[in-house]
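Asks: Next up is a structure, given as structure tokens.
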Amino acid sequence: MFKQRTLRQSVETVGIGLHSGRKVRLVLHPAAPDTGIVYRRVDIRPAVDIPAHPHNVNDTRMATTVNVGRAAVATIEHLMSALSGLGVDNVLIEVDSAEIPIMDGSGASFVFLLHQAGIVEQDAPKRFVRVLKPVEVREGDKLARLEPHEGYRLTFSIAFGHPAIDQTEQVADVDFSRVTYEQAVSRARTFGFVQDVEMLRRMGLAQGGSLDNAIVMDEFRILNPSGLRENDEFVK
């Protein structure tokens, strides 16, 4: 039987908010079985808990945002990726801002943080969603499809029509029976275009964005001096 997992102890870090550019304090705490992933806005009085539940997702433009009432937490995707990748089911996440710190723009910093806390099994069975038949969602030229499979396998493809992206791998196939999340996915960073960053900054957004926490491109090339971490970083 697979058991639920939580953290051995609390762990904290400080980083920069991607859009606010302000310092954000983040604390991850162990949580009881069946708690799930819960964000707590401690800068609001009284503090507001926001479960990371699909019904609480209210925006996916530029970042994933969850909310309860007027309290929201944005840019949760890299932390959620790390929690899922390491199989953490229950955690209370305290944050003193409306966004999670961007760190290095990938899940790798959060993986390190979770290992610092330690991960332990709990006396409760882990719950899974089993796909029994194909499910497909389309929006314009975008497609997401779930199919029954004995295991956990993800296949991504990208078609961006940009010289720098076109020179890299366009498809990534990740079978988690053969590779780990840390090896295959965690270090892939978000990417964007310098013209979009300039527009967002004029709108008061992306104040914390830099070459230290994203892959940034102009019309022709990657601007980061160190380039890509992997040849399939864009598609992941």
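Asks: Would you check if Arg130 is exposed (fewer than 10 other Cβ atoms within 10 Å of the Cβ) and under 23 Å from the mean Cα position of the chain (by Cα)?
Replies: yes
Asks: Here's a follow-up. Name the residues in region 161-175 that are surrounded by 15 or more Cβ atoms within 10 Å (Cβ to Cβ) and among the hydrophobic types (A, V, I, L, M, F, W, C), would you?
Replies: Answer for region 161-175, where residues must be surrounded by 15 or more Cβ atoms within 10 Å (Cβ to Cβ) and among the hydrophobic types (A, V, I, L, M, F, W, C): Ala164, Ile165, Ala172, Val174.
Asks: Kindly indicate whether any position in region 11-26 is out of contact with any His (no Cβ under 8 Å at 6 or more places or on another chain), under 24 Å from Arg127 (Cα atoms) and assigned by TED's automatic domain parsing to the domain that holds Asp89.
Replies: Within region 11-26 (the criterion being out of contact with any His (no Cβ under 8 Å at 6 or more places or on another chain), under 24 Å from Arg127 (Cα atoms) and assigned by TED's automatic domain parsing to the domain that holds Asp89), the answer is no, since none of the residues qualifies.
Asks: Another question, if that's okay. Can you find a residue in region 59-70 that is among the acidic types (Asp, Glu), out of contact with any Pro (no Cβ under 9 Å at 6 or more places or on another chain) and in a strand (DSSP E or B)?
Replies: Step one: filter region 59-70 for residues among the acidic types (Asp, Glu), giving 59.
This time we only want the ones that are out of contact with any Pro (no Cβ under 9 Å at 6 or more places or on another chain), so: 59.
Narrowing the set further to residues that are in a strand (DSSP E or B) leaves 59.
Within region 59-70, one or more residues are among the acidic types (Asp, Glu), out of contact with any Pro (no Cβ under 9 Å at 6 or more places or on another chain) and in a strand (DSSP E or B).
Asks: Further question: Where residues in region 28-70 are among the acidic types (Asp, Glu) and closer than 13 Å to Ala98 by Cβ, which of them is modelled with the lowest pLDDT?
Replies: That would be Asp59.
Asks: OK, next. Within region 71-115, can you find the residues that are in a loop (DSSP other than H, G, I, E, B) and either closer than 24 Å to Tyr152 by Cα or touching a Ser or Thr at 6+ places or on another chain (Cβ under 6 Å) (or both)?
Replies: Ile76, Leu86, Gly87, Val88, Asp89, Asn90, Ile100, Met103, Gly105, Ser106, Gly107 - these are the residues of region 71-115 that are in a loop (DSSP other than H, G, I, E, B) and either closer than 24 Å to Tyr152 by Cα or touching a Ser or Thr at 6+ places or on another chain (Cβ under 6 Å) (or both).
Asks: Take the residues in region 178-196 that are surrounded by 14 or more Cβ atoms within 10 Å (Cβ to Cβ) and among the polar types (S, T, N, Q); name whichever of them is farthest from Leu223 (Cα to Cα).
Replies: Looking at the filtered set, the residue picked out is Ser186.
The values are calculated or read from the model by the stated rules, or taken from the named source; none is laboratory data. Everything numeric here is computed off the predicted structure, so don't read it as measured data. Because the Cβ atoms are built from the backbone with ideal geometry, glycine has one as well, and the counts that use them run over all protein chains shown.
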